[in-house]
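Step one of this worksheet: look at the structure below.
What follows draws every value from the coordinates through simple rules; no lab data is involved. As the structure is a computational prediction, the values presented were derived from the model and not from experiment. Cβ sites come from the backbone with ideal geometry, for glycine too, and all protein chains shown count toward neighbours.
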Amino acid sequence: MGIAEGKRALVIGVANDRSLAWSITQELSKQGAQIALTYQGDALKKRVEPLAEQVGAKIVGELDVTSDEQIAATFAGIDKMWGGLDMLVHAVAFAEREDLRDRFLNVSRKNFSRSLEISAYSLVALARGAEPLMDRTGGSIVTLTYIGAVRAVPNYNVMGVAKATLEACVRYLAVDLGPKNIRVNAISAGPARTLSSSAIRDFYSMAHEVEQRAPLRRAMKNEEVGGMAAALLSDLGSGVTGQTIYVDVGYSIVGM
């Protein structure tokens, strides 16, 4: 039996087969979980559908995390399908491309608010939707962050501010949901070559620098994030909540 055997997991944020959310989905499926996925827009639906088939996942519909109506519909669909939820993966973030290439000082009020709404507030909204479904037996929520939340990483800019907000949300949600045996944690992954990271100027130079300086002297593997997420979401992580766990081949501990 796998560590997620019999568990019901909703993964939000799978974009393609290179996304960290997909690595988490694959590991949860391998470990015995039932999987449900969402998509945003027809373009992503075409990418998500064949991936869902690979792991026998259900697609519960379109989800724009800025829409309270779609969030409510998503969890209503989960409740109807499964009658509850054990695991929630939040892998959603957004910043305008120009804000990852210009000075942080120049971010507009509109873009700043939108980045924080999609990247951080969405976790709060989704946790609120998941709470009634997890309230019956307890559950676990995992989100994805990056070291740019605690360090000024070149060109990460407003996304770093959004990730810092996300990590604070993890702590406050852990306090609110802990009495109901619902745990909330974040994984701070190393640089991953994903669709979203391609928007960051000089990303590949940054990733190469991490490989050279990290204690393990290599790049992080996406499946390593999947493995840690599965452990945190499962009963193996039963005593861990409110934490940011680094899966970055040790880069976060290095000074110069």
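Some observations on this one:
- Counted over all Cα-Cα pairs of the stretch 217-256, pairs farther apart than 16 Å make up 43 percent.
- Full-stretch length increase - R151, S238 - with 0.36 nm per residue and alpha-carbon distance subtracted: 28.4 nm
- Rg(Cα) / (2.2 N^0.38 Å) computed for the stretch 23-66, rounded to two decimals: 1.14
- When Rg and the Kirkwood radius Rh are both evaluated on Cα atoms of the stretch 82-149, their ratio Rg/Rh stands at 1.12.
- Two-site label geometry, R18 and R128: point separation in nm, points 7 Å out along Cα→Cβ: 3.5
- Proximal lysines relative to K58, as straight alpha-carbon distance under 22 Å, when same-chain residues fewer than 8 apart are discounted: K7, K30, K45, K46, K80
- Under a 5 Å amide H cut-off, with hydrogens placed 1.01 Å from N, S140 pairs with M87, L88, R183 among residues at least 5 apart or on other chains.
- Extension gain for S113-T66 works out to 15.7 nm (0.36 nm per residue, less the C-alpha to C-alpha distance).
- Debye intensity ratio in log₁₀ form over the Cα atoms of the stretch 124-184, taken at each q of 0.22 Å⁻¹: -0.81
- Our estimate of slack between D102 and V175, defined as 0.36 nm per intervening residue step minus the Cα-Cα distance, is 22.6 nm.
- Where labels lie 7 Å past Cα in the beta-carbon direction, separation of E211 and D79 in nm: 4.8
- Computed from Cα positions, the angle between helix 68-82 and the longest principal axis of the chain comes to roughly 50 degrees.
- Principal-axis analysis of the Cα atoms of the chain puts helix 122-134 at an angle of about 20° to the longest axis.
- For the peptides 182-188, 118-124, the ranking by mean Cβ contacts within 10 Å, running from highest to lowest, is 182-188, 118-124.
- Remark: the chain is approximated by an ellipsoid whose semi-axes, taken from the C-alpha gyration tensor as √(5λ), come to 27, 20, 18 Å, largest first.
- Semi-axis lengths, largest first, of the ellipsoid equivalent to the stretch 70-190 are 30, 15, 10 Å, with √(5λ) applied to each eigenvalue of the Cα gyration tensor.
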